[in-house]
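The values are calculated or read from the model by the stated rules, or taken from the named source; none is laboratory data. In this text, all values refer to a predicted model and were calculated from it rather than measured experimentally. Positions of Cβ are backbone-derived with ideal geometry, glycine not excepted, and every protein chain shown enters the neighbour counts.
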Amino acid sequence: MDRRTLMTGMLGTAAAALWTAPDAFALGLPKDKIKRIRYYKTPTDAAGRPNIHQPTFNQSTNIVTIETESGLIGIGEGGEPSTMEQCAGLLIGEDPFRIEHLWQTMERAYFYPAGREKTHSLGALDVALWDLKGKTLGVPVWQLLGGKSRDYVECYATSYPTPKGGTLEDAARACIAEGFRAYRTGVRENATFDRFRAVEQTIEDCQLIRKGVGKDGAWAIDFHGTMDPQDAVTLATALEPLRPFFCEDLIRGENIEIYKTLRPRLRVPIAVGEIYGVKWEMSPLIEQNLIDFARCTVPNVGGITEYMKIAALCETHYCGMIPHFTGPIGETALVHCLTATSVIALMEMTSAGRQPWPYLPQAYDFHNGKLWPNDRPGLGVTLDTSKLQQVGDWTEHYAPIQINKRPDGSYTNW
């Protein structure tokens, strides 16, 4: 061995001895800690109902903000005060850029896994963490998730307004003309539900809609869990010649095993998942190819972190994604998620995209019946808290039980 080789080897050994694993600072992020989390009640829920009793808080549009010691602020949406307080207490004093680690902590630090309601609060905070990280680096969230896989996200319209004096056929025609990919309808419902009449009326409605969207347009239908299996099969079979884009929630959703029975009896595309939470709830439907489209959404699944894991599952099993509309910030977050994946995607837009959000000067970018990724840092959302009622403010760390970690620092259960 010559002198040069010996010296090179010695220097390499010395460098190895001095090397330390890169921390957030080494990756261009400042060292920072979460200082304060505030929670605000919005005037309405996602459906526009007054936010008095929060009748469907799985569609909560309440706002959460995460503030760091350096003054950075991330914005999220969802949840309700009691479960938000549990999750928020776990984050105070933590590094805001360790998003996956914080997700695991919020999901598992009370030992019992989060239920769907708590997952909604967890998801709101997760969205805020991604917003904060994007703002810190000066890039949109979709860039952090892998960059653009599409230029825009196609939309279908829910509750598209029927022209004055017009018919369902007129509404469907106007919807497609506005640039939407599809018009969505629902099963005819009344407080007294006549199952036979509902099937007949819904078929008649769908025939008009199919005519209205024309050969280049599409339509879809939400069964909304209203029907029992035998009637759902009857209706879906009758609608098959009308080529629906998807048939959603054919029956009530408690027992996903029923789709093993329904799937072989149907040829229409099936969309399910609006009511479900984390990936473990959706995975049997996706992995066993019992559905064609996953309807799970943000923040309901646990935010952006969990949604991207479900997206990977969908890509693996050739399942499309048609997320439910839960609120304007959730909708914005979904644009970032779906921009960064190439699975078949279609997003829901309510009220033809015309519903105002007075407390959000900027939210999603919607025009020509489509949602467009923006280049603004983070989610690209701006918030006016003067139009909101503050209902929570947390500045102290709280963990009810010991937080355990493996030797490598990763989270493990207590």
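Quick one: in region 300-339, of everything that is free of Cβ contacts under 8 Å to residues at least 40 places away in the same chain and β-branched (Val, Ile, Thr), which residue is nearest to Gly353 (Cα to Cα)?
Taking the candidates together, the pick is Ile310.
When you look at Ile221, is it touching a residue at least 24 places away in the same chain (Cβ under 8 Å), among the β-branched types (Val, Ile, Thr), closer than 27 Å to Leu334 by Cα and surrounded by 14 or more Cβ atoms within 10 Å (Cβ to Cβ), yes or no?
Considered against the rule, which asks whether it is touching a residue at least 24 places away in the same chain (Cβ under 8 Å), among the β-branched types (Val, Ile, Thr), closer than 27 Å to Leu334 by Cα and surrounded by 14 or more Cβ atoms within 10 Å (Cβ to Cβ), Ile221 comes out as yes.
Quick one: how many residues across region 169-181 are buried (at least 19 other Cβ atoms within 10 Å of the Cβ) and part of a helix (DSSP H, G or I)?
Result for region 169-181: 6.
Conditions tested, residue by residue: (1) hydroxyl-bearing (Ser, Thr, Tyr); (2) over 21 Å from Leu125 (Cβ atoms).
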position: Met308; (1), (2): no, no
position: Tyr318; (1), (2): yes, yes
position: Met321; (1), (2): no, yes
position: Phe325; (1), (2): no, no
position: Ile329; (1), (2): no, no
position: Ile344; (1), (2): no, yes
position: Pro373; (1), (2): no, yes
position: Gly380; (1), (2): no, no
position: Gln389; (1), (2): no, no
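Residue under question is Phe325, and the condition is that it be surrounded by 13 or more Cβ atoms within 10 Å (Cβ to Cβ), part of a strand (DSSP E or B) and among the aromatic types (Phe, Trp, Tyr); does it hold?
So Phe325 fails the test.
Can you name the number of the only condition in (1) farther than 27 Å from Gln59 by Cα; (2) in contact (Cβ under 8 Å) with a residue 24 or more places away in the chain; (3) of a type in the set (Asp, Glu) that Glu178 fails?
Of everything listed in (1) farther than 27 Å from Gln59 by Cα; (2) in contact (Cβ under 8 Å) with a residue 24 or more places away in the chain; (3) of a type in the set (Asp, Glu), Glu178 misses just condition (1).
Of all residues in region 186-210, which are surrounded by 15 or more Cβ atoms within 10 Å (Cβ to Cβ) and over 13 Å from Thr226 (Cβ atoms)?
Ile203, Asp205, Cys206, Gln207, Leu208, Ile209, Arg210, listed by residue number.
Identify, by number, the condition in (1) in contact with an Asp or Glu (Cβ under 8 Å, 6 or more places away or on another chain); (2) over 14 Å from Cys247 (Cα atoms); (3) at pLDDT 95 or above that Arg195 doesn't meet.
(3) is the only condition that Arg195 fails.
Counting residues that are in contact (Cβ under 8 Å) with a residue 60 or more places away in the chain, which strands (runs of 3 or more DSSP E) fully inside region 340-414 reach at least 3?
347-350, 370-372, 389-394
What's the total number of residues in region 182-194 that are in contact (Cβ under 8 Å) with a residue 12 or more places away in the chain, of a type in the set (A, V, I, L, M) and part of a loop (DSSP other than H, G, I, E, B)?
The number of residues fulfilling the criteria is 1.
Assuming Gly165 fulfils every condition listed in (1) free of Cβ contacts under 8 Å to residues at least 12 places away in the same chain; (2) surrounded by 15 or more Cβ atoms within 10 Å (Cβ to Cβ); (3) on the phi > 0 side of the Ramachandran plot apart from one, which condition is it?
Gly165 satisfies every listed condition except (2).
Would you please name the residue that is surrounded by the fewest Cβ atoms within 10 Å (Cβ to Cβ), looking only at residues in region 118-152 that are part of a loop (DSSP other than H, G, I, E, B) and of a type in the set (A, V, I, L, M, F, W, C)?
Val139
Provide a single number: the residues in region 66-116 that are buried (at least 23 other Cβ atoms within 10 Å of the Cβ) and β-branched (Val, Ile, Thr).
So the count comes out to 2.
Within region 352-405, restricting attention to residues that are basic (Lys, Arg) and either within 30 Å of Tyr160 (Cα to Cα) or modelled with pLDDT of 95 or more (or both), which residue is surrounded by the fewest Cβ atoms within 10 Å (Cβ to Cβ)?
Within region 352-405, the match that is surrounded by the fewest Cβ atoms within 10 Å (Cβ to Cβ) is Arg354.
What's the total number of residues in region 286-318 that are at positive phi and not in a loop (DSSP other than H, G, I, E, B)?
1
For Ser121, only one of the following conditions fails: (1) more than 29 Å from Ser410 (Cβ to Cβ); (2) in contact with a Cys (Cβ under 6 Å, 6 or more places away or on another chain). What is its number?
(1)
List every residue pair whose Cβ atoms sit under 7 Å apart, with the two residues 6 or more apart in sequence or on different chains, where the first one lies in region 267-285 and is more than 14 Å from Arg295 (Cβ to Cβ) and the second, anywhere, is part of a loop (DSSP other than H, G, I, E, B) and at pLDDT 95 or above.
Note: pairs meeting the criteria are Val268/Pro244; Val278/Val301; Val278/Gly302.
Restricting to helices (runs of 4 or more DSSP H) lying wholly in region 195-279: which have 3 or more residues that are closer than 26 Å to Ala174 by Cβ?
195-213, 229-239
For region 51-65, which positions are out of contact with any Ser or Thr (no Cβ under 7 Å at 6 or more places or on another chain), buried (at least 24 other Cβ atoms within 10 Å of the Cβ) and at pLDDT 95 or above?
Of everything in region 51-65, just one residue is out of contact with any Ser or Thr (no Cβ under 7 Å at 6 or more places or on another chain), buried (at least 24 other Cβ atoms within 10 Å of the Cβ) and at pLDDT 95 or above, namely Val64.
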